[in-house]
1. Would you mind telling me which numbered condition in (1) in a loop (DSSP other than H, G, I, E, B); (2) modelled with pLDDT of 95 or more residue 70 fails?
2. Cβ-Cβ distance below 6 Å, separation of 6 or more or different chains: which pairs start in region 1-30 with a residue that is within 16 Å of residue 101 (Cβ to Cβ) and end on one that is modelled with pLDDT under 90?
3. Going through 107, 78 one at a time, which residue ends up being at pLDDT below 95, under 18 Å from residue 6 (Cα atoms) and surrounded by 19 or more Cβ atoms within 10 Å (Cβ to Cβ)?
4. Name the residues in region 19-33 that are assigned to a helix (DSSP H, G or I) and crowded, with 21+ Cβ neighbours inside 10 Å, would you?
5. Of all residues in region 44-64, count the ones that are part of a helix (DSSP H, G or I), surrounded by 16 or more Cβ atoms within 10 Å (Cβ to Cβ) and out of contact with any strand residue (DSSP E or B) (no Cβ under 6 Å at 6 or more places or on another chain).
6. Of the residues 123, 85, 89, which single one is out of contact with any helix residue (DSSP H, G or I) (no Cβ under 8 Å at 6 or more places or on another chain) and either at pLDDT 95 or above or crowded, with 20+ Cβ neighbours inside 10 Å (or both)?
């Protein structure tokens, strides 16, 4: 178990550095408090099947994997879900080299299935249901993602949707009319009114909508 945790921590440090040095949008990284939250939440949920929409450079992927490697009195190796997997989807292929190296460094390459392409086309072809879904992709398509996954999230499972405060724009009396802001406002409203779930918006970084499937 400790070996796995040590690999994860080293990989996160490496990804943070590589992202800053080699990508144009390093601010997209789910680092700091947000990364810590994703790790802690995954440890709490201990998911068997995670779906991530928006891999970027795999920082959040590695954080989400923490729930697959945790202490258990009945298992000396510390692996709760020996067959636990992560399906992660990224529309762009420009960071695949960083992603693959990061997953290998973290010791989770055999647990992660990386899919390159449009999430709306890939999700219907994935097998199984999901215990935990993390949405951090095209903000204009959050509602479409939600509709594709909600019936495949297990009862008691969770969806985490990132950037739902959108730099505070969604809270303004007269929020901007751009498509991203309006799409996030519509998404938050849809979730709030969906009787199949209960939710709370956490003010972590740019806002995380924590959604529990009833």
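1. Among (1) in a loop (DSSP other than H, G, I, E, B); (2) modelled with pLDDT of 95 or more, residue 70 violates only (2).
2. 16/31; 19/26; 19/29; 20/26
3. Details: 78 fails: surrounded by 19 or more Cβ atoms within 10 Å (Cβ to Cβ).
One residue alone meets the criteria, 107.
4. Residues of region 19-33 that are assigned to a helix (DSSP H, G or I), as a first pass: 19-22, 26-28, 33.
Correct list: 19 only.
5. Count: 4.
6. Working: 123 fails: out of contact with any helix residue (DSSP H, G or I) (no Cβ under 8 Å at 6 or more places or on another chain); 89 fails: out of contact with any helix residue (DSSP H, G or I) (no Cβ under 8 Å at 6 or more places or on another chain).
Only one candidate qualifies: 85.
The values are calculated or read from the model by the stated rules, or taken from the named source; none is laboratory data. A quick note: this is a predicted structure, and the numbers were derived from the prediction, not measured. No Cβ is skipped: glycine too gets one built from the backbone with ideal geometry, and neighbour counts run over all protein chains shown.
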